[in-house]
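The values are calculated or read from the model by the stated rules, or taken from the named source; none is laboratory data. Values in this document were obtained by computation on a predicted structure and should not be read as measured data. Note that we place each Cβ from the backbone using ideal geometry, even for glycine, and neighbour counts take in every protein chain shown. Accessible surface is based on the protein model in full, side chains and every heavy atom, while ligands, DNA and RNA are left aside. Shrake-Rupley method; radii C 1.70, N 1.55, O 1.52, S 1.80 Å.
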Amino acid sequence: MNPKFIQKIASVALGTAMLVTLSVLIFIIFYILYQGLPIVSMEFLTTPIRDMGKSGGIFPTIISTFYLAFLSICIAAPLGIGTAVFLTEYTRENTVTRVIRFTTDCLAGIPSIIFGLFGFVFFVIYLGFGWSILAGSLTLATMMLPTIIRTSEEAIRAVPEGFREVTYGLGGSKWQSVTEIVLPKAFPGILTGIILSMGRAVSETAALIFTAGMSLHTPVSVLSSGRSMAVHFYTIAREGISLQMAFGTAAVLIVTISIINISSYLLMHKYMRKYA
Amino acid sequence: MLKVKIKVDNLNVYYGNKQVIKDVNMNVSDHEILSIIGPSKSGKSTLLHVINRLIDNVPGAKVTGQVCIDGKNIYLDSVNVNDLRKKVGIIFATPVPLPMSIFNNLAYGPRLHGITNREKLLDIAENCLRASSLWDEVKSRLDMSALRLSGGQQQRLCLARALTVEPEIILFDEPCSGLDPISTSKVESTMRELKKNYTLILITNNTKQAARVSDRTAFFLFGELIEIGETKRLFTAPKDKRTKDYITGKFG
Ligand SMILES: Nc1ncnc2c1ncn2[C@@H]1O[C@H](COP(=O)(O)OP(=O)(O)O)[C@@H](O)[C@H]1O
Ligand SMILES: [Mg+2]
């Protein structure tokens, strides 16, 4: 066979793979939106859950989801970025950093139910937070850490060494080099990691059932229990309470995730243009 | 006799077990341009990194001997590295404009040292751009991204940026290796201007450039200082055979 022919086959095969992937994705999204959107209304979004989810709205779950995502990011982002900065800028590559990195990679591969169990034993029982937004967020944060650390690390490493030397050459300190140049320049990459983990937090179920509980009420403090949209969806779908309500919740969930992704993409784009 | 600005005594530098500078002794006078020539890997860049202690950041590097600036040993524990580096600017072969506007590139150094007044920063920016002969080319577009400047302009911007923190010594590590002849001659004439106020060390792989701009020239070979002297004398009547071989092109 001549190379030209092989080339043709390759591009057809690759193109097909791309099309299949894309159509499966689009199918899923459209199916859920098609099934769910008709029942999504202002009322659906703003009223409490009634009859265990058979009727009423999903307002409490939206609030819980927001709290969980926001709080877990607030906990995980500083810790994760701090760890990444420490690993890349403040230590030289040695056994300790390699162990930390290896452990982080292992953590990333652990199923979320295990994190849920840990969160239950440690945050819910041992620290006595009970089933609560706080326990759920802390658990989510531990799940997010590996992703945030690794993506931040990569983003920080991608910042050219020369930028650091400019700072040092002008008499700046390491801390100034990190805060003035390295982090701003790595920001888009770091943000990508945060968005990815936020997506994971918003769609997490197993770990949250154990830690944030399943309360049908709107959480009033970080110590209230609350179910996120994903947990709500999982429960009412699994227990056959209402498939239609489940699809409605799923549709809202998908739209939420899309909004997060699109807006962060736009933000990133604007930011990169400013910094390029 | 001119005042000695930099004094290097029995300097040895190792990367791990590898010795890259071998017992170097030399002086640099105030307000002179000293060229350093020599084949690559001779330790020329390393010497510059020793003088502003950027070498502190290199894992496994070891420095022995003495380097004094204005009579003060810069390797004493009491020396503040950030102050030293403020005093000793460095320009690399590849210009590294920061990904921000021209003005912010120039304001960057002063801001690191706590100057925030915009009038003052603009003043510094203008003076330094004038000193590096870039002012006329960029005065109307200080808010443009520095990355959009040409290579030669970027190099002069980096020079201007180094000047913003009021150094006394400026180190150039092959500053023209990526530039076209016109940009090169602009940088060279800037260096001759700067000589009035600063002490300059210029590494160059272009012996003609060394001959054009410098007062004295040092020839390094595999970590050793082979010969140092008046540029004209060194190029016309080298004392060491190896120097002669190098300047007549018998080495790489
Ligand atoms: N960061 C480093 N770590 C280890 N070896 C280095 C490092 N930088 C330079 N070297 C080695 O030191 C020697 C001298 O390098 P350098 O000072 O860059 O020479 P020159 O500037 O004359 O080309 C070379 O053999 C080079 O491989
Ligand atoms: Mg070099």
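Worth pointing out:
- Filtering the range B:214-252 to residues that are touching a residue at least 60 places away in the same chain (Cβ under 8 Å), open to solvent by 50 Å² or more (accessible area, probe 1.4 Å) and among the hydroxyl-bearing types (S, T, Y) leaves nothing.
- Which listed residue is more than 11 Å from ligand 1 (Cβ to nearest atom), open to solvent by 10 Å² or more (accessible area, probe 1.4 Å) and touching a residue at least 60 places away in the same chain (Cβ under 8 Å), from B:K41, B:K86, B:K3: B:K86
- Contact map, the range B:196-208: first residue within 12 Å of ligand 2 (Cβ to nearest atom), second residue modelled with pLDDT under 90, Cβ cut-off under 7 Å, separation 6 or more or different chains; pairs are B:N205/B:S177.
- Selection within the range A:176-193 - surrounded by fewer than 21 Cβ atoms within 10 Å (Cβ to Cβ) and either over 27 Å from A:S72 (Cβ atoms) or touching a Gly at 6+ places or on another chain (Cβ under 8 Å) (or both): A:Q176, A:E180
- When residues of the range B:66-83 are limited to those that are in contact with a helix residue (DSSP H, G or I) (Cβ under 9 Å, 6 or more places away or on another chain) and outside any loop (DSSP other than H, G, I, E, B), the one nearest to ligand 1 (Cβ to nearest atom): B:V67
- Matching residues, the range A:102-128, being surrounded by 16 or more Cβ atoms within 10 Å (Cβ to Cβ) and at pLDDT below 95: A:T104, A:L107, A:S112
- The helices (runs of 4 or more DSSP H) found entirely in the range A:203-276 that carry 1 or more residues being at pLDDT below 90 and of a type in the set (A, V, I, L, M, F, W, C) are A:243-275.
- Residue check, B:G114 part of a strand (DSSP E or B), closer than 30 Å to A:P184 by Cα and either basic (K, R) or away from ligand 1 (no atom under 16 Å from the Cβ) (or both): no
- In the range B:158-184, the residues that are assigned to a loop (DSSP other than H, G, I, E, B), open to solvent by 20 Å² or more (accessible area, probe 1.4 Å) and not aliphatic (A, V, I, L, M): B:E166, B:E168, B:E174, B:S177, B:G178, B:D180
- Filter result (open to solvent by 10 Å² or more (accessible area, probe 1.4 Å) and either in contact with a strand residue (DSSP E or B) (Cβ under 6 Å, 6 or more places away or on another chain) or within 11 Å of ligand 2 (Cβ to nearest atom) (or both)) within the range B:45-59: B:S45, B:T46, B:H49
- Flag: B:Y14 matches the condition of being more than 30 Å from B:R130 (Cβ to Cβ) and either away from ligand 1 (no atom under 16 Å from the Cβ) or surrounded by fewer than 22 Cβ atoms within 10 Å (Cβ to Cβ) (or both).
- Of all residues in the range A:204-227, those being surrounded by fewer than 21 Cβ atoms within 10 Å (Cβ to Cβ) and in contact with a Leu (Cβ under 8 Å, 6 or more places away or on another chain) number 2.
- Qualifying residue in the range A:179-191 (condition: assigned to a loop (DSSP other than H, G, I, E, B) and either touching a His at 6+ places or on another chain (Cβ under 9 Å) or on the phi < 0 side of the Ramachandran plot (or both)): no
- Here B:V96 meets the list (1) within 12 Å of chain A (Cβ to nearest Cβ); (2) outside any strand (DSSP E or B); (3) away from ligand 2 (no atom under 16 Å from the Cβ) almost entirely, failing just condition (3).
- The range A:54-101, subset hydroxyl-bearing (S, T, Y), part of a helix (DSSP H, G or I) and within 14 Å of another protein chain (Cβ to nearest Cβ), residue surrounded by the fewest Cβ atoms within 10 Å (Cβ to Cβ): A:Y90
- Residue in the range B:187-208 that is of a type in the set (A, V, I, L, M, F, W, C), touching a helix residue (DSSP H, G or I) at 6+ places or on another chain (Cβ under 6 Å), over 13 Å from B:E32 (Cβ atoms) and surrounded by fewer than 20 Cβ atoms within 10 Å (Cβ to Cβ) present: no
- Residues of the range B:84-93 that are in a helix (DSSP H, G or I) and touching a strand residue (DSSP E or B) at 6+ places or on another chain (Cβ under 9 Å): B:L84, B:K87.
- Selection within the range B:20-38 - within 13 Å of ligand 2 (Cβ to nearest atom), assigned to a strand (DSSP E or B) and buried (at least 22 other Cβ atoms within 10 Å of the Cβ): B:I21, B:I36, B:I37
- Test: A:I259 is without any contact (Cβ under 8 Å) to a residue 24 or more places away in the chain, of a type in the set (V, I, T) and open to solvent by less than 20 Å² (accessible area, probe 1.4 Å): no
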